[in-house]
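Worksheet: one structure, shown below.
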Amino acid sequence: MTRDRRYRRWVIGLLWALVAVWGWAQPAHPPTGRLKVEIFPAGAGSVTLDPSGDLYGGFYWYPDLPTTVRLTASPSSGYTFVRWEIWRSIPVPATGNPEERSANPTSITLSYTYPDWTVRAVFVRTYTITVSANPAAGGTVTGGGTYAHGATVTVTAQANPGYDFLNWTENGTVVSTDASYSFTATGNRTLVANFALKQYTITVSANPAAGGTVTGGG
């Protein structure tokens, strides 16, 4: 092998070595972020993302890090949003307890340190408690509204002057004789506070008894 050929091979080898060293010196390609969104219980609501990311394989993918994602929970009819449960990993269960947040919407940042996240929106069933007075002039009622499943509900009846409170009824059945009635919310309820006009005794008499007759007492 001539000196020129040896020199050319040496130069080519050196160039390849420089290319390899240059490649090793380049920063690694930034990781892709993944976001897993869960709804609990299933069908209780939905979550919108801004930016939305690319949904594939059950994950929202974000190629550019860091990326801050704004999440908004929307309950379905008959439910209310309770909280967020957040893990800085995928999949659930993750190590340790989740971070809990009550603010809605909320934001997370997919970063080089934490590229993968799991976010669960937790909802709870709600019920409508309707209260009314019978007759309407008999008194006032309070405590009606929307309550979460398992919440303690207290409805109160206050008689107007000239009336007495009788009872609470539901579908015509007496459920309580206490003006302040408490129960646990497990379903929609329609309660009626029943009032009645006060009754008075009118006593009449004649003096002297032999003097005449009187009527109208009762």
Count of the range 180-203 residues which are more than 16 Å from Ile129 (Cβ to Cβ) and part of a loop (DSSP other than H, G, I, E, B)
6
Qualifying residues in the range 69-82 (those that are farther than 12 Å from Ser107 by Cβ and not aromatic (Phe, Trp, Tyr)) - the one most open to solvent (accessible area, probe 1.4 Å)
Ser77
Scanning the range 34-68 for residues that are in a strand (DSSP E or B), open to solvent by less than 70 Å² (accessible area, probe 1.4 Å), under 19 Å from Glu85 (Cβ atoms) and not charged (D, E, K, R) gives Leu35, Val37, Ile39, Gly45, Ser46, Val47, Leu49, Phe59, Tyr60
Does the range 161-177 contain at least one residue that is farther than 30 Å from Gln199 by Cα and β-branched (Val, Ile, Thr)?
no
Quick one: which residue in Thr190, Thr177, Thr201 is in contact with a Ser or Thr (Cβ under 8 Å, 6 or more places away or on another chain) and open to solvent by 50 Å² or more (accessible area, probe 1.4 Å)?
Thr190
Give me the pairs, please: first residue somewhere in the range 113-135 and over 26 Å from Gly58 (Cα atoms) and aliphatic (A, V, I, L, M), second residue anywhere and assigned to a strand (DSSP E or B) and open to solvent by 30 Å² or more (accessible area, probe 1.4 Å), beta-carbon distance under 7 Å, and either six or more positions apart or on two chains.
Ile129/Tyr147; Ile129/Arg189; Val131/Val141; Ala133/Thr140; Ala133/Val141
So, of the residues in the range 88-110 that are over 16 Å from Leu49 (Cα atoms) and modelled with pLDDT of 95 or more, which turns out to be surrounded by the most Cβ atoms within 10 Å (Cβ to Cβ)?
Arg101
Considering Phe165, Phe183, Phe195, Phe123, which residue is open to solvent by less than 40 Å² (accessible area, probe 1.4 Å) and out of contact with any Gly (no Cβ under 6 Å at 6 or more places or on another chain)?
Phe183
Please find, among Tyr147, Tyr114, the residue that is of a type in the set (Phe, Trp, Tyr), surrounded by 18 or more Cβ atoms within 10 Å (Cβ to Cβ) and either within 30 Å of Arg70 (Cβ to Cβ) or in contact with a strand residue (DSSP E or B) (Cβ under 6 Å, 6 or more places away or on another chain) (or both).
Tyr147
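The values are calculated or read from the model by the stated rules, or taken from the named source; none is laboratory data. Because the structure is a prediction, the values reported are computed rather than measured. Glycine also receives a Cβ, built like all others from the backbone with ideal geometry; neighbour counts cover every protein chain displayed. Remember, those area values only see protein heavy atoms, side chains included, never the ligands or the DNA or RNA. Shrake-Rupley method; radii C 1.70, N 1.55, O 1.52, S 1.80 Å.
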